[in-house]
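Participant: Structure incoming, see below.
The values are calculated or read from the model by the stated rules, or taken from the named source; none is laboratory data. The model shown is predicted, which means the values in this text are computed figures rather than measured ones. Quick reminder, even Gly has a Cβ in these numbers, built from the backbone with ideal geometry, and neighbours come from all protein chains shown. Just so you know, the surface numbers come from the protein's heavy atoms only, side chains and all, with ligands and any DNA or RNA stripped out. Shrake-Rupley method; radii C 1.70, N 1.55, O 1.52, S 1.80 Å.
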Amino acid sequence: MEEIEKKNRAEELGKDLESIYADRDGKLPDFTRLDGKPGSRLKSAVFGAVAALAILGGATWAGLLFFSRTSGFTGERVDLRVETSEAFVAGAESDVVIRYRNDERIPLARADIELRAPAGFEIVGSQPASAESGSWSVGSVAPGAEGEVRVRGYVREELDAAMTFEAKLNYRPADFNADFQKVASHTVVIGESVLALAGTGPEQMTPGDEIAFIYEYSNTSDAALEDIRFVVEPIEGFIFASADPAPDEGTALRWSIPTIEANAKGTIAVKGTFSAASRGPKALPARIGFAEDGGVMTVARTEAATEVLKSGIDLALIVNGSDKPPVASFGDQLFFTIRYENAGDVTLRDVALVADLPSDPASGLIDWVSLKDDLEGVRKDSAITWTKKEIPELAALEPGDKGEINFSVQLARRPVAGQATAAYVVRAAVSARIARAGNVSGARQVDAIPVDIRLLSDASFAAFGRYYSEDGVPIGEGPLPPKVGERTVYRITWVIRNSLHELTNLSVATLLPQGVKWTGTPREVTAGALDFDETGRKVTWRLNRMPTSVPEIIASFEVEVTPVAEDIGKLLDLTGDNRFEALDKEVNAVILKSQPAVGTDLIGDEDAAGKGVVVAP
C-alpha cells in the first residue's frame, strides 16, 4: 500500500515539474547541465538582480547593527528640549529656547535644528541667526557638549489660548552613513496681556434712569500697539443710547482704535438704561484685543456693574402674542399689546404711554390707514400716545393698578417702490412717561425692551390647473367636462416668484387624491428636480437656492382622472393642498405658504369655465 502511495506522489510531482519547466513541445530541460535554454536568461538576470539587492540591504542593516553594538551609539542619549517662561504675555515679545546635548560616546558629525511655531508667534529674531530656510545649523557636537538656540517672537494670540512649539534636531553621527532625528515639543498658555481693561458703573439705578458705564484701557508696555478693537457685549434688558467716543459706523457697541501709544490710557463711556422689567445686579461685559476679520482677538476682559432697583412701573411689549422678536410677511396684520403695572409703593400721576413704530424704510412699510385702536390714542408720525384723556386711570396710577392696551396695524402688501434696502424692519418700542411719583416731581421715562420685527422676503406661490393654454390651445387630453369611464388629462402648474432676499432649501409638495394618476410626464421644470413617490402618492419639487437675480421659477406636470358613476354631478380634486417651504437667507427664518387643492373647475382657465362637473357617458 505504501509503495502505491509513493508511486502516486511521484507521478503528481512529475506533472507539477512538467507544468513549470516543460517547453512548448512538452519536453523537459536537461537538469544535469547548468546552462538553461536561451529563453531563461531574462529570468536569470531578474533573479540575480533581486538577490544582489537583498544581499546589499542585508549587509547595510548588518553594518548598522554591528556599528550600533560596537560603538554603543543608540541616539537615546541625544537630548532635545523646548523651554519658555511659565506663561506668555499677549502683545509682548517672548523667547523660546531650544536646548540640545550629546551624551553619546561618539560625536555628531553635523546637526541642524528646525522649529515649528504656532501662527500667533511672529518670529522677530534669534541667536544664532537662522539660515534662509528658517533652520539653524549647529555643526558638529562633541560627546558631552551642549548648546541652545534662542528664538524671540511677538505674541499675538487670545488670552488663555495654548501655543505649542515643536523642535526637530536632525543629525548624523560621526563615521555613520545614516541620518537621525530627535523631536521635542512644549505648550505654553497666554496668561497675561500688555493691554489692561477695567469697567465701572453706578452703584444703583432705577429703570428709565440714563447711566454711563465707563471702561478704561491702558497699554502697559513700552511699545505702541496698533489695530486694536474694543467690544461691549449687550445683555438682556440694557437699552443702548449713546457713547463717547462714538462707536464704529454701522455698529452699536464696537470701537476700532488705530494706535495706543506706549504706556498710554483711554476711556470709553457707554450710556443707556435698563428696561422696566430689569431687576437686581447687572453687569455689562466688554473685551479688548487685536482686530481680526471683523471681530476681535481678545487679550483682556472686564465687566461694568450696577444694581437695578425695583421700578415704579412695569412695562412690557407683546407682538403677535410673544415678547420675543417675531418675523412677519408683507401684508401681515401686526397685533400689539402693551401691559403696564404700578409695581412701586407710591401713586404715579399723569402717566403717558407711548408706542413708537419707526421702520426701515421710513415710509410706506406700515399702512397707518389700517390702524385699529379702541382707545383711540393720538398718532403723530410713527408714534401713538395714550394719556389720562384716553385712559382716565393714568391720571393717578395707584400701587398695584394695572392695565393693557391693544392695537393693530397692517404691513404693506409688497416692497416699497424705489427703495434700495432689502432689510425691511419695524423697530417697536414702548415707554411710560411719569410726571410725578408720590411727592417727588420731575418727569422721568421708563422703557420696555424694544422689539425688532424683521420682514421675510416677498416670495409668492401659486398652484393652478389648466386644460387650455392662455392662447386657448388644448394642452390636456380627453373629454371636457370629464365623463364617466373616460380618461381626461390635466396640467398642474406651480409658480414661485421672489425678489427681495435669496431663498435656499426650497420645496413644494402635494398628495394626489385616490383616483388621480400621475402620468409620468413633467411638462416644464425651469430649475430643480420634480419627483413622484408612488407609494406615498406624493409629488415633490425641490431646489437648492433661488437667488434674487431669478424672479420666477416654474414646474408643471400632468395628472389624469377616469370618473366613476358615483362622481356624476361632482367637481373632483386633482391635487391635495399645495405647500411651499423655503429658508430666507437674509432673515434666517422659514417661509411657509400654501394653496388649496386644484380641482376640475380649473379656476383661471377661462376656456374651461363651467366644464368641471363630471357628466354621464
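Participant: How many of the residues making up the range 353-368 are loosely packed, with under 14 Cβ neighbours inside 10 Å and either farther than 26 Å from Arg413 by Cα or more than 44 Å from the chain's Cα centre (by Cα) (or both)?
Facilitator: Counting residues in the range 353-368 that are loosely packed, with under 14 Cβ neighbours inside 10 Å and either farther than 26 Å from Arg413 by Cα or more than 44 Å from the chain's Cα centre (by Cα) (or both) gives 0.
Participant: Okay, next question. Quick check on the range 182-190. Is at least one of its residues within 30 Å of Gly289 (Cα to Cα), charged (D, E, K, R), surrounded by 14 or more Cβ atoms within 10 Å (Cβ to Cβ) and touching a residue at least 24 places away in the same chain (Cβ under 8 Å)?
Facilitator: No, there is no match, as no residue in the range 182-190 is within 30 Å of Gly289 (Cα to Cα), charged (D, E, K, R), surrounded by 14 or more Cβ atoms within 10 Å (Cβ to Cβ) and touching a residue at least 24 places away in the same chain (Cβ under 8 Å).
Participant: Run Asn588 past the list (1) open to solvent by 40 Å² or more (accessible area, probe 1.4 Å); (2) of a type outside the set (A, V, I, L, M, F, W, C); (3) within 21 Å of Ala555 (Cα to Cα) and report the number of the one that doesn't hold.
Facilitator: Condition (3) is where Asn588 drops out.
Participant: Can you name the condition, by its number, that Gly344 falls short on among (1) surrounded by fewer than 18 Cβ atoms within 10 Å (Cβ to Cβ); (2) touching a residue at least 60 places away in the same chain (Cβ under 8 Å); (3) out of contact with any strand residue (DSSP E or B) (no Cβ under 6 Å at 6 or more places or on another chain); (4) among the small types (Gly, Ala, Ser)?
Facilitator: Single failed check for Gly344: (1).
Participant: Scan the range 369-381 and tell me whether some residue there is open to solvent by 30 Å² or more (accessible area, probe 1.4 Å) and small (Gly, Ala, Ser).
Facilitator: no
Participant: Among the numbered criteria (1) under 28 Å from Ala269 (Cα atoms); (2) out of contact with any Phe, Trp or Tyr (no Cβ under 9 Å at 6 or more places or on another chain); (3) of a type outside the set (D, E, K, R), which one does Gly344 miss?
Facilitator: The number of the failed condition is (1).
Participant: Could you grab me the full set of residues in the range 358-378 that are under 23 Å from Lys402 (Cα atoms) and not acidic (Asp, Glu)?
Facilitator: Lys372, Leu375, Gly377, Val378
Participant: For the condition in contact with a Pro (Cβ under 8 Å, 6 or more places away or on another chain) and of a type in the set (Val, Ile, Thr), what is the one hit in Val82, Val149, Val89?
Facilitator: Val149
Participant: Looking only at the range 526-563, filter to residues that are polar (S, T, N, Q) and in a loop (DSSP other than H, G, I, E, B); which one of those is farthest from Arg579 (Cα to Cα)?
Facilitator: The selected residue is Thr562.
Participant: Looking at Thr519, Thr548, Thr575 in this structure, which one is among the polar types (S, T, N, Q), open to solvent by 50 Å² or more (accessible area, probe 1.4 Å) and touching a residue at least 12 places away in the same chain (Cβ under 8 Å)?
Facilitator: Answer to the check: Thr548.
Participant: Then there is this: Just one of Gly139, Gly144 is modelled with pLDDT under 95 and in a strand (DSSP E or B); which is it?
Facilitator: Gly139
Participant: Sort through Ala131, Ala174, Ala198, Ala167 and tell me the only one that's surrounded by fewer than 15 Cβ atoms within 10 Å (Cβ to Cβ) and among the aliphatic types (A, V, I, L, M).
Facilitator: Being surrounded by fewer than 15 Cβ atoms within 10 Å (Cβ to Cβ) and among the aliphatic types (A, V, I, L, M) holds for just one of Ala131, Ala174, Ala198, Ala167, which is Ala131.
Participant: Further question on the same structure: Only one of these is without any contact (Cβ under 8 Å) to a residue 40 or more places away in the chain, open to solvent by less than 60 Å² (accessible area, probe 1.4 Å) and in contact with a strand residue (DSSP E or B) (Cβ under 9 Å, 6 or more places away or on another chain): Gly266, Gly237, Gly280, Gly312. Name it.
Facilitator: Result of the check over Gly266, Gly237, Gly280, Gly312: Gly280.
Participant: I'd like to verify a number: residues in the range 551-572 that are acidic (Asp, Glu) and open to solvent by less than 20 Å² (accessible area, probe 1.4 Å), how many?
Facilitator: Final tally of qualifying residues: 1.
Participant: Collect the residues in the range 501-511 that are surrounded by fewer than 22 Cβ atoms within 10 Å (Cβ to Cβ) and either free of Cβ contacts under 8 Å to residues at least 24 places away in the same chain or not polar (S, T, N, Q) (or both), keeping them in residue-number order.
Facilitator: Glu502, Ala509, Leu511
Participant: Return the pair list, or none, for Cβ contacts closer than 9 Å from residues in the range 157-170 that are within 19 Å of Trp136 (Cβ to Cβ) to residues that are part of a loop (DSSP other than H, G, I, E, B) and open to solvent by less than 50 Å² (accessible area, probe 1.4 Å), at least 6 apart or on different chains.
Facilitator: Within 9 Å, the pairs are Phe165/Thr84; Phe165/Ala117; Phe165/Pro118; Glu166/Ala117; Lys168/Ser135; Asn170/Ser135.
Participant: Restricting attention to strands (runs of 3 or more DSSP E) lying wholly within the range 410-494, give those where 1 or more residues are within 30 Å of Ile554 (Cα to Cα) and either open to solvent by 20 Å² or more (accessible area, probe 1.4 Å) or out of contact with any strand residue (DSSP E or B) (no Cβ under 7 Å at 6 or more places or on another chain) (or both).
Facilitator: Fully inside the range 410-494 and qualifying: 451-455, 460-466.
Participant: Just a yes or no: is a residue in the range 532-540 polar (S, T, N, Q) and either at pLDDT 95 or above or under 32 Å from the mean Cα position of the chain (by Cα) (or both)?
Facilitator: Looking for residues that are polar (S, T, N, Q) and either at pLDDT 95 or above or under 32 Å from the mean Cα position of the chain (by Cα) (or both), one finds at least one in the range 532-540, hence yes.
Participant: Moving on to the next point. Trp494: closer than 30 Å to Ala423 by Cα and either at pLDDT 95 or above or of a type in the set (Phe, Trp, Tyr) (or both), yes or no?
Facilitator: yes
Participant: Still on this structure, please answer the following. Could you grab me the full set of residues in the range 283-299 that are open to solvent by less than 10 Å² (accessible area, probe 1.4 Å) and either aliphatic (A, V, I, L, M) or closer than 27 Å to Arg349 by Cβ (or both)?
Facilitator: Within the range 283-299, Leu284, Ala286, Ile288, Val299 qualify.
Participant: Evaluate the following for Glu132: is it of a type in the set (Asp, Glu), within 30 Å of Asp222 (Cα to Cα) and modelled with pLDDT under 85?
Facilitator: no
Participant: Hey, another quick one. Provide a single number: the residues in the range 104-119 that are without any contact (Cβ under 8 Å) to a residue 60 or more places away in the chain, crowded, with 17+ Cβ neighbours inside 10 Å and outside any strand (DSSP E or B).
Facilitator: Adding up the residues that qualify gives 1.
Participant: With the condition kept exactly as written, say whether any residue in the range 431-443 is over 24 Å from Met205 (Cβ atoms) and among the polar types (S, T, N, Q).
Facilitator: For the range 431-443, residues over 24 Å from Met205 (Cβ atoms) and among the polar types (S, T, N, Q): absent.
Participant: Can we say Thr220 is open to solvent by 50 Å² or more (accessible area, probe 1.4 Å) and of a type in the set (Val, Ile, Thr)?
Facilitator: The answer is yes for Thr220.
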